[in-house]
1. For the range 9-39, name all the residues that are within 13 Å of the chain's Cα centre (by Cα) and more than 20 Å from Gly144 (Cα to Cα).
2. Under 19 Å from Thr136 (Cα atoms), free of Cβ contacts under 8 Å to residues at least 60 places away in the same chain and touching a strand residue (DSSP E or B) at 6+ places or on another chain (Cβ under 6 Å): is that true of Gly108 in this structure?
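Here, each number is a calculation from the coordinates, and none is a lab measurement. Source: prediction; values computed, not measured. Cβ placement follows ideal geometry from the backbone for every residue including glycine, while neighbour counts extend to all protein chains displayed.
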Amino acid sequence: MTRIGILVTSTRSGRIGPTVARWVADQAPEGVQAEIVDLAEVELPLFDEPQSPKASPGQSPATRAWAETIESYDALVITTPEYNGSYTAVLKNAIDHLYAEWVGKPVGVIGYGWNAGADAMEVLARVADRIGMARTDGPGLRLGEHLEVDGTPTDAAPADEMSALFTALVERVDAQG
């Protein structure tokens with residue numbers, strides 16, 4: 001069984017991230033255990049470690065708990081809305097707290113919003129590649145086409161692209177042994 005964490009990366013009130021993440025998790029094929037990890041529920045302060053995580057693992061209990069969460073999954077799918085042409089600050093903070101835990105981690109990226117999260121996915125791709133995540137881009141979900149304004153998936157939501165993303169992530173996990 002491959003364990004894949006589905007990250008909800010918006011924390012604002014009125015967010016649709018949990019609905020999007022639930023749809024993503026529901027697309028998981030047989031043999032994949034998909035679990036939602038909501039950054040609104042992760043008690044991670046604004047990055048305050050004394051050293052860069054590349055130089056030394058984080059020392060705070062919050063950072064260690066976050067590292068254990070990420071390490072517990074074989075792969076991740078990051079669902080990200082687009083805020084001002086980028087991804088959310090809470091996601092940046094969650095990424096910045098760790099380093100070794102991200103290197104080589106199979107990570108799928110799903111953007112959503114009026115522009116299907118295209119700019120957020122592009123910016124996140126640069127960061128993910130810089131850190132060394134084993135990134136695979138998934139579909140962008142466009143409000144009004146793939147998602148209702150409240151985040152409910154429409155019949156046009158790309159389930160086939162989600163299937164391909166899960167297949168690619170499982171293949172990367174299997175290749176790592």
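1. If we filter the range 9-39 for residues that are within 13 Å of the chain's Cα centre (by Cα), which is where we start, we get 9-10, 17-18, 20-22, 24-25, 34-39.
Correct list: Thr9, Ala25, Ala34, Glu35, Ile36, Val37, Asp38, Leu39.
2. On the way: under 19 Å from Thr136 (Cα atoms): yes; free of Cβ contacts under 8 Å to residues at least 60 places away in the same chain: no; touching a strand residue (DSSP E or B) at 6+ places or on another chain (Cβ under 6 Å): yes.
So Gly108 fails the test.
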